[in-house]
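Contents: one structure, followed by commentary.
The values are calculated or read from the model by the stated rules, or taken from the named source; none is laboratory data. None of the values given here were measured: they were computed from a predicted structure. All Cβ positions, glycine included, derive from the backbone under ideal geometry; neighbour counts span all protein chains shown.
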Amino acid sequence: MNLQYLLARPGVEEVLELRGRFGFMAFHGGALEERTDIVARSAAERAGASYYGVHQPTGMREHVPSHRFTADQSPLLAEYLEHVEIVITVHGYGRRGLFTTMLLGGSNRELAAHIAPCLRNALPAYLVEDDIERIPKELRGLHPSNPVNSTRNGGVQLELPPRVRGTSPLWWDWESPEPTPHTAALIDGLVEAATSWRLTA
């Protein structure tokens, strides 16, 4: 399976919103890694950043590996990667013992170090891991074909556990259409990281 295969499936939505040269992505969005698209898209809109997402419809959970999302398979992805300079890709994961740990992988370690304190300030009850050696190898996002590494200055792969996305049993009685308080704080932290990052001239 690859991106081209996924885009041909009924109900899959490919979204491109071009704004600034800082970018957010959620290409495992929709029903697959739930609410990652909401987090990334909301942060992008508020920060004046660009957004690219692939959203799967309800009931569909096709996991295409990140390194198989390449620009030659999608004119919209190609346009996005040409437009942005640096990117945060938002993913979801679940691991026993890591339910309150956010992982900052990807090739741009300077950006990871910049994002980490923004998230720590926004969500002090969570652990933000930006030491690449302490992140599980399969979640580090270092494959050269991964879109997080395909912009001019690379980027950061942000892995979010269910709790901070508002999808864990902790939020079973949350009925508001607005994001949970943890998710709202996460978005605030990402907006702070994006708007305070200095893009190259």
Problem - helices (runs of 4 or more DSSP H) contained entirely in the range 49-167, each with at least 2 residues that are small (G, A, S) and under 22 Å from L186 (Cβ atoms) - result: 109-122
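Before we move on, is S168 of a type outside the set (D, E, K, R), in contact (Cβ under 8 Å) with a residue 40 or more places away in the chain and over 17 Å from T36 (Cα atoms)? Give the derivation first.
On the way: of a type outside the set (D, E, K, R): yes; in contact (Cβ under 8 Å) with a residue 40 or more places away in the chain: yes; over 17 Å from T36 (Cα atoms): no.
No: the conditions fail for S168.
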Handout entry: Scope the range 168-188; condition modelled with pLDDT of 95 or more and either in contact with a Lys or Arg (Cβ under 6 Å, 6 or more places away or on another chain) or buried (at least 23 other Cβ atoms within 10 Å of the Cβ) (or both); matching residues
Key = T183, L186
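Just give me the residues in the range 77-108 being more than 17 Å from N149 (Cα to Cα) and either of a type in the set (A, V, I, L, M, F, W, C) or surrounded by 16 or more Cβ atoms within 10 Å (Cβ to Cβ) (or both), in sequence order. Outline the logic, then answer.
Residues of the range 77-108 more than 17 Å from N149 (Cα to Cα): 92-102.
Matches in the range 77-108: G92, Y93, L98, F99, T101, M102.
Could you tell me which of the residues T195, T151, T200 is farther than 20 Å from E34 by Cα, more than 14 Å from the chain's Cα centre (by Cα), buried (at least 20 other Cβ atoms within 10 Å of the Cβ) and in contact (Cβ under 8 Å) with a residue 60 or more places away in the chain?
Numbers: T195 fails: buried (at least 20 other Cβ atoms within 10 Å of the Cβ); T200 fails: buried (at least 20 other Cβ atoms within 10 Å of the Cβ).
It is T151.
Would you pick out the residues in the range 10-30 that are more than 20 Å from H67 (Cα to Cα) and either assigned to a strand (DSSP E or B) or among the hydrophobic types (A, V, I, L, M, F, W, C) (or both)? Before the answer, list the steps.
First pass over the range 10-30, keeping only residues more than 20 Å from H67 (Cα to Cα): 10-11, 17-22.
Scanning the range 10-30 gives E17, L18, F22.
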Handout entry: Residue match in the range 120-143 (condition: within 18 Å of F27 (Cβ to Cβ), surrounded by fewer than 19 Cβ atoms within 10 Å (Cβ to Cβ) and touching a residue at least 60 places away in the same chain (Cβ under 8 Å))
Key = yes
Exercise for the section: Filter the range 56-70 down to the residues that are among the polar types (S, T, N, Q) and touching a residue at least 60 places away in the same chain (Cβ under 8 Å), then identify the one that is surrounded by the most Cβ atoms within 10 Å (Cβ to Cβ). Expected result: S66
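Select from the range 160-201 the residues that are β-branched (V, I, T) and touching a Phe, Trp or Tyr at 6+ places or on another chain (Cβ under 7 Å) and write down the one among them that is farthest from E85 (Cα to Cα).
Step one: of the range 160-201, the residues β-branched (V, I, T) are 164, 167, 180, 183, 187, 191, 195, 200.
Keeping just the survivors that are touching a Phe, Trp or Tyr at 6+ places or on another chain (Cβ under 7 Å) gives 164, 180.
Details: V164: 27, T180: 31 Å.
Top of the filtered list is T180.
Looking at G106, G94, can you tell me which residue is farther than 19 Å from Y5 by Cβ, at pLDDT below 95 and out of contact with any Asp or Glu (no Cβ under 6 Å at 6 or more places or on another chain)? So that I can check it myself, show each step before the final result.
Values: G106 fails: at pLDDT below 95.
Unique residue meeting the criteria: G94.
Hey, does the range 165-182 have a residue that's at positive phi, of a type in the set (G, A, S) and under 17 Å from the mean Cα position of the chain (by Cα)? Before the answer, list the steps.
Start the filter on the range 165-182 by keeping residues that are at positive phi, which leaves 166.
With the extra rule that they be of a type in the set (G, A, S), the set shrinks to 166.
Next, only the ones that are under 17 Å from the mean Cα position of the chain (by Cα) stay: 166.
Yes: the range 165-182 contains one or more residues that are at positive phi, of a type in the set (G, A, S) and under 17 Å from the mean Cα position of the chain (by Cα).
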Problem - Members of the range 93-145 found to be more than 20 Å from A49 (Cβ to Cβ) and small (G, A, S), listed by number - result: G94, G97, A125, S145
Handout entry: Flag for T195 being closer than 21 Å to R95 by Cβ, among the polar types (S, T, N, Q), part of a helix (DSSP H, G or I) and in contact with a helix residue (DSSP H, G or I) (Cβ under 9 Å, 6 or more places away or on another chain)
Key = no
Handout entry: Search result, residues across the range 20-51 that are free of Cβ contacts under 8 Å to residues at least 40 places away in the same chain and aromatic (F, W, Y)
Key = Y51
